[in-house]
Every structure is written in structure tokens, then in C-alpha cells.
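Single-structure report; data block below.
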Amino acid sequence: MPKIKPTKLALAALAIVALIAAAWFFLKPKQEQPQYITAAVSRGDIENSVLATGVLEATKMVSVGAQVSGQVKKMYVQLGDEVKQGQLIAQIDSVRQENDLKTAEASIKNQQAQLAVKNANLAKVDAEYKRQKTMYAQDATSRAELESALASYKTAQADIAAINAQIEQSRLTLATAKEDLGYTQIVAPMDGTIVAIVTEEGQTVNANQSAPTIVKLAKLDTMTIKAEISEADVMKVQEGQNVYFTTLGDSETKHYATLRQVEPAPNSINTESNSNTSSSSSTAVYYNALFDVPNEDGKLRIDMTAQVYIILDEAKNVLTVPAAAVQTSNRPQRSRNNASTDGQSADKSTNAEAKSNKDNPNHPKRLELTEAEKALVKQGKASVAMVRVLQADGSAQPQPVLLGLNNRVTAQVIRGLKQGDKVVIADGSDTSNDSAKRSNRGGPSGPMRM
């Protein structure tokens with residue numbers, strides 16, 4: 001058997017090593033660039049508001065009732081009609097009121113006739129008294145006759161006074177009868193819209209037991225919104241704040257107004273049997289906030305539901321980022337896949353990160369604030385936070401920023417970013433791993449058990 005030369009063995013071994021190295025180089029797993037979920041820094045409006053549910057009501061609504069009893073003979077209005085103050089709305093049967101008026105007039109005439117008789121009698125007894133007085137002075141009559149004539153004279157005067165009082169009383173009765181006759185004509189007490197017809201034509205109303213309502217009249221050119229504010233938010237709300245609302249039928253149109261009043265007590269105080277009794281702690285307490293809006297086109301209607309936003313703070317045309325991009329710690333988040341599993345490795349990771357940051361010229365320095373910015377932070381109107389900004393090479397670098405208004409959905413950027421910068425909201429690898437873990441566990445609630 002021929003012997004293989006050592007040189008050939010060496011060459012063969014080198015060829016095998018080269019093949020293995022080439023295969024490892026081309027087939028080795030490539031290091032993937034971290035994937036991030038990002039959002040661009042943009043300009044927009046931001047507001048912090050109290051959300052409430054409200055109900056639309058007429059600024060003023062009155063129940064137009066009947067003050068006399070009788071049958072409704074005629075209705076002069078229909079539902080939705082616009083009426084002016086003093087306009088005739090309905091006519092109640094006026095036969096009884098007319099009879100009462102005629103009776104009062106006849107009574108006055110009768111008493112006036114009696115007054116004429118009494119006046120004639122007064123003249124007669126007055127003459128008799130004067131004659132007796134003259135005769136008594138001449139000793140031509142007795143004192144008894146004189147006193148009798150005087151008594152008759154005074155009685156006649158008293159009768160006239162009584163008749164005059166009866167006539168005055170009858171005149172008051174006549175005035176009441178005229179008033180009652182006028183009440184048979186139901187007129188509008190103000191300008192407004194007929195929003196309800198409670199009593200139909202031909203129906204009989206009884207004003208002796210209660211005040212029956214004929215129609216309901218409301219002023220709809222201005223609407224009042226009564227919004228329910230929870231006790232957790234009522235301390236933030238005050239008169240004069242800007243407010244807007246949308247309706248269920250038109251969620252795109254915003255109606256703006258100014259808060260007019262916050263009622264000092266909840267509605268439940270009207271229904272409690274004892275006002276000194278506190279409500280149960282398990283019962284939600286709401287306070288009504290009132291504001292008015294014009295309604296020239298008449299699209300806003302009574303009892304519509306309004307989604308109300310009471311603006312506490314707002315900023316217009318400012319740089320904004322999603323609140324999810326703001327980190328509570330100045331130290332950037334690390335992927336949970338690379339998180340340390342024990343204290344020793346965590347310390348090593350922290351030291352290594354600190355050394356890397358020190359050597360890295362792109363590592364963010366401490367944000368130096370101006371005196372005005374420090375004042376904003378002290379007043380609670382601004383705060384220093386950290387975000388991660390996506391770089392051109394695909395990496396994410398931490399960046400300190402000064403934030404203003406933050407409504408937990410969007411945050412205002414005062415300084416530290418420019419429009420168009422992309423900030424990291426979450427790590428894509430974290431999201432995919434979380435989804436895989438939830439899938440393996442059978443969903444967010446863990447494996448399904450049979």
C-alpha cells in the first residue's frame with residue numbers, strides 16, 4: 001500500500017478547516033438590529049380637561065296652566081309653534097264666569113237703588129230732626145220727640161254707610177268676576193316655543209283641586225347644559241372656565257361656552273327626607289355645572305345628551321409626543337431579553353453601562369434649565385423627563401426633555417426635541433415576546449383549564 005506524503009495530509013487538513021470556517025461565516029446567525037415602535041414629534045393642540053355627561057335643557061320653561069275650571073273649547077296653537085307674549089293659546093268655556101260677572105253687576109245696581117232709597121229717607125229724617133230741634137227751642141215739643149228724631153237721623157246715616165260698604169264689596173266681587181272671565185283666555189306669558197300640549201281640546205280642567213297645565217312653553221334660542229361633575233373632579237372646576245360639548249347625533253361639531261355656575265349641593269339633597277343626613281359612602285355624588293349656549297338654528301333640543309369637556313389647561317400649536325414615550329426614569333429601558341437574572345450580573349451591567357455612557361459623546365447630559373423653566377417646574381407646570389430618540393443607524397439614544405402639559409395621552413414638549421424626531425414608544429422585540437408568552441400561557445389570563 002503506497003504511503004501518503006505528509007505534505008498532502010497537511011494540505012487536506014487546511015482545506016477542511018477552510019471549508020468549516022467558510023460554512024460558519026456564511027451560516028452563523030446574524031445579529032439582528034433591535035426593532036422599535038416609534039412615533040414622530042409633531043405639532044398640535046393639547047388640553048387637560050374634566051369629562052362629564054350633561055343634559056340639554058331650555059334656558060327658561062314654564063307650564064302655562066288654567067286658573068279657572070271648565071271645558072277647553074278651543075286650542076289656538078300646535079306643538080312646535082312660536083308664540084309671542086300675550087298671544088292667545090286656548091279658550092276655556094266662559095259661561096259660568098260670564099254669569100258670575102252679570103250677577104255681580106246686578107248686585108251693584110240693586111244696592112245702588114237701595115242707596116237711593118236710604119238717601120231719600122235720610123233727607124226726610126234730617127228735616128224732621130231739624131223741625132223738632134226748632135220746636136224744642138220754642139218749648140213746642142217734648143225732649144222725647146227730639147231724641148226720637150235724632151235717633152232716626154243717625155240710623156238713616158248708618159244705613160247709608162252700610163249700603164256703601166256693600167257696594168264696595170260687590171265691586172270687588174265684580175272685579176274678581178272680570179278677572180276670572182279673563183282667565184278663560186289662556187295667553188302666553190312670554191315669547192317662546194310650544195314644547196308640549198298637555199290638555200287637548202274638549203278636555204275639562206278642574207282648577208279647584210290643582211292647577212291644570214294646558215301647554216308647556218320654553219325659550220329655545222338659548223339652551224342650558226347641566227353637566228354632572230363627580231366629587232373627585234369638582235374641586236378642579238370653577239366658574240369662568242372654558243367648556244365645550246358634543247352631542248350623540250353630531251360628535252364632530254363642538255359647541256363652546258363659558259362655565260356659568262357650579263351648584264353647591266348635589267341633586268340628591270332635594271330627595272333626602274332629612275337634609276342633615278349624609279348620603280351613603282357607597283353612593284356616587286355628582287354636582288351640576290351649568291353653562292349656556294346659543295341655539296339660533298334650533299338643532300339643539302331638550303333632553304339631548306351632551307359629552308362635556310371642561311378645559312382645565314390647554315396649549316395650542318405646540319410640539320407633542322405620545323405620553324407612552326415618556327420614561328419615568330432618566331435611565332433608558334433595557335430589553336427584558338437582556339435583563340440580568342441576578343444581582344451580580346445586574347451590577348456588572350450597570351457599571352458597564354455607566355462606563356459606556358461616559359465614553360459615549362452622544363450620551364445625554366443633564367438638562368440645564370433657565371430661571372423661567374425652573375419656575376415652571378416649581379409651580380408644577382413643567383417637568384424634566386427622559387425619552388428615547390431613534391437614530392439614523394437604528395439605535396435608540398436617551399434624550400432629556402422638558403415637558404409641559406401632560407394629559408396622560410399626549411405630552412407637550414417645551415425643550416429637548418424638534419419636529420420630526422422619532423421617539424420610541426416600545427420595543428418591538430418586547431411586544432412580540434409578550435405576545436408569544438401570552439400565546440403559550442393561553443392568553444392574558446393564563447392557560448385555559450377544563
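Of all residues in the range 37-96, which are among the β-branched types (Val, Ile, Thr) and under 30 Å from residue 404 (Cβ atoms)?
37, 38, 41, 46, 50, 53
Can you tell which of 126, 139, 159 is over 20 Å from residue 109 (Cα atoms), surrounded by 15 or more Cβ atoms within 10 Å (Cβ to Cβ) and either more than 60 Å from the chain's Cα centre (by Cα) or touching a residue at least 60 places away in the same chain (Cβ under 8 Å) (or both)?
Selected residue: 126, the only one of 126, 139, 159 that is over 20 Å from residue 109 (Cα atoms), surrounded by 15 or more Cβ atoms within 10 Å (Cβ to Cβ) and either more than 60 Å from the chain's Cα centre (by Cα) or touching a residue at least 60 places away in the same chain (Cβ under 8 Å) (or both).
Give the residue that is nearest to residue 243 (Cα to Cα), with candidates limited to residues of the range 66-76 that are touching a residue at least 40 places away in the same chain (Cβ under 8 Å) and surrounded by fewer than 17 Cβ atoms within 10 Å (Cβ to Cβ).
Among those that are touching a residue at least 40 places away in the same chain (Cβ under 8 Å) and surrounded by fewer than 17 Cβ atoms within 10 Å (Cβ to Cβ), it is 67.
Tell me, which strands (runs of 3 or more DSSP E) lie completely within the range 28-138 with 3 or more residues that are under 30 Å from residue 195 (Cβ atoms)?
Correct list: 42-65, 70-75, 88-92.
For the range 22-32, give me each residue that is exposed (fewer than 10 other Cβ atoms within 10 Å of the Cβ) and either at pLDDT 65 or above or of a type in the set (Ser, Thr, Tyr) (or both).
Within the range 22-32, 24, 25, 26, 27 qualify.
Give me the pairs: first residue in the range 237-261 and at positive phi, second residue part of a strand (DSSP E or B), beta-carbon distance under 8 Å, and six or more apart or on different chains, which are they?
That search, which allows pairs on different chains as well, returns 240/258; 240/259.
Restricting the first residue to the range 107-118 and requiring it to be more than 14 Å from residue 170 (Cα to Cα), which pairs with a second residue that is in a helix (DSSP H, G or I) meet a Cβ separation below 6 Å and a spacing of at least six or different chains?
118/159; 118/160; 118/163
Table: residues versus (1) small (Gly, Ala, Ser); (2) surrounded by 15 or more Cβ atoms within 10 Å (Cβ to Cβ); (3) more than 15 Å from residue 43 (Cβ to Cβ).
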| site | (1), (2), (3) |
| --- | --- |
| 392 | yes, no, yes |
| 396 | yes, yes, yes |
| 402 | no, yes, yes |
| 408 | no, no, yes |
| 413 | no, yes, no |
| 421 | no, yes, no |
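Tell me, yes or no, whether the range 205-214 has at least one residue that is touching a Phe, Trp or Tyr at 6+ places or on another chain (Cβ under 8 Å), in contact (Cβ under 8 Å) with a residue 60 or more places away in the chain and either surrounded by fewer than 12 Cβ atoms within 10 Å (Cβ to Cβ) or part of a strand (DSSP E or B) (or both).
no
Is there a residue being modelled with pLDDT of 60 or more, of a type outside the set (Phe, Trp, Tyr), within 18 Å of residue 313 (Cβ to Cβ) and part of a helix (DSSP H, G or I) anywhere in the range 361-372?
yes
The values are calculated or read from the model by the stated rules, or taken from the named source; none is laboratory data. These numbers were taken from a predicted model, which means no experiment stands behind them. Reconstructed Cβ throughout: ideal geometry from the backbone, glycine too, with neighbour counts over all protein chains shown.
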